[in-house]
Every structure is written in C-alpha cells, then in structure tokens.
Amino acid sequence: MTTLLKAAAITLAVTFAGAAGAADLPSRKGPVEAPVYMPPAFTWTGFYVGANAGYGFGQATTNLGGSADMDGFIGGGQIGYNYQMGQFVLGLEADLQAADLGVSGIGGSIKTDYFGTVRARAGVAFDRFMPYITGGWAYGNVKTSVPALGISSDNSHTGGWALGGGVEYAITNNLIAGVEYLYVDLGEKGVLNNGLKVGTDFSVARARLNYKF
C-alpha cells in the first residue's frame, strides 16, 4: 500500500510539473486583431430634395415665320425618388424653375418667366458616381407683348416636353452634387384671338445640390 501511495504521489507531482511548464511556454497563437470595420456600401435608393441654378438659351418663334434668340438665368428646386437595382438606377423627378428667358425689340417682347418638368430618369451607378439620362413632360408660362398690335398676353403652355442628361456625385451619404443639361420645348400657344401663335424652346445648363433621405 505504501508503495502504491508513493507511486500516485510521484505521478501527480510529474503531472503538475508538466502543466506548469506548458503554461510557461510561449503561445503559438498570434496577437488577437481587432475586427476591421467595413462601412455599408452607398445606395442611391431614396427620396431627395434640392435646389439648382443655371443658364438658359434658345428661341422664341411665331407661326408667322419670325424668330428671335432668347437667354437668361434660371433657378429653382427639385424633388424626386431613386431606386437602385444592382448597378442600374431608375427614378422620377419633378422640378419648378423661375426664369428670366426673354427677347425684346422695338416691336414687342416675349418672355418665359417660369417653367417646370416631370421626368423619368435612368442611370448607371459607379459607387458614388452616376451618369444618367432623363426625359418627360414640360410646362411653363410665356408672356407676349406687341403694343403696336394691341397684344398683351400671358399664356400657360402645358403641352411641352423635356429631354437631357447629367452626372451626379454623392459627397456624403446624404449630400449629392451634380450638373445637368435639359432641352425644353414648350410648344406653341395662340395669343388672344388674332391667329398669332407663339412658341419657345430652349436649352438649360444647371448645377444641382440634393439632400437624400
């Protein structure tokens, strides 16, 4: 019995000595690294609202064959929604612009004092950069004055269209800057009841700044 107790004691001593030695050995595992934070990918999906300013230039025409160049500054706001599917982005946007697009001469004047559009948009997203095309309905107001003929008219044009394109860049997840070109044709509208019709078509180049929700 004494011999067995001595053997058990020796076995336990050897076991504890080995465990202690193993604890003193350097670890084979490397240092624990903190997890790398990966920010979520930017998405164009969401509602947005913004402002714009730029320059317009084009022509005022009449059904009698006359035409004159017109130009001036424009500025206003827009609201819209984008939906991203993979790399493609589809959207809908409405805008309203105050304008100073006019032409005047000895005989009279023609001026577009506001216009707006409702357009579809289609773009291709390269992360935070997106080129796009756009097109849809346009409307506006055109004032015509020919004092010599007793004409003074303020007409709403509602049958126009717009077509263009642009590029946008997301500065942050919420702030998006861009530039855009639009060709706007407001069509012709009769002036009073004298048979005279006036039409306007013009190009718009503008800078935009949107806030995406």
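No lab work stands behind these numbers, since they all come straight from the coordinates. Fair warning: this is a prediction, and the values are worked out from it, not measured in the lab. Note that we place each Cβ from the backbone using ideal geometry, even for glycine, and neighbour counts take in every protein chain shown.
See the values below:
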| read-out | value |
| --- | --- |
| Burial ordering of Leu186, Leu64, fewest other beta-carbon atoms within 10 Å first | Leu64, Leu186 |
| Residues Ile176, Ile110, Ile171 arranged by fewest to most Cβ contacts within 10 Å | Ile171, Ile176, Ile110 |
| By average C-beta atoms within 10 angstrom, highest first, the peptides 73-84, 196-207 | 196-207, 73-84 |
| For segment 198-209, 3J(HN,Hα) per residue [Karplus equation, 6.51 cos²θ - 1.76 cosθ + 1.60, θ = phi - 60°, Hz, x = Gly/Pro] | 10, x, 9, 9, 7, 9, 10, 10, 9, 9, 10, 9 |
| Efficiency of FRET from Cβ geometry, Thr172 and Ala34, R₀ 22 Å, rounded to 0.05 | 0.30 |
| ³J(HN,Hα), Karplus 6.51/-1.76/1.60, whole Hz, each residue of segment 150-165, x for Gly, Pro | x, 9, 8, 10, 10, 10, 8, 9, 10, x, x, 8, 9, 8, x, x |
| Euclidean distance between Cα centres, segment 119-177 to segment 37-116, Å | 3 |
| Projected label distance in nm at Thr43 and Ala148, using a 7 Å step from Cα toward the beta-carbon | 6.3 |
| Proxy reagent accessibility, fewest Cβ within 10 Å first, across Glu33, Glu180 | Glu33, Glu180 |
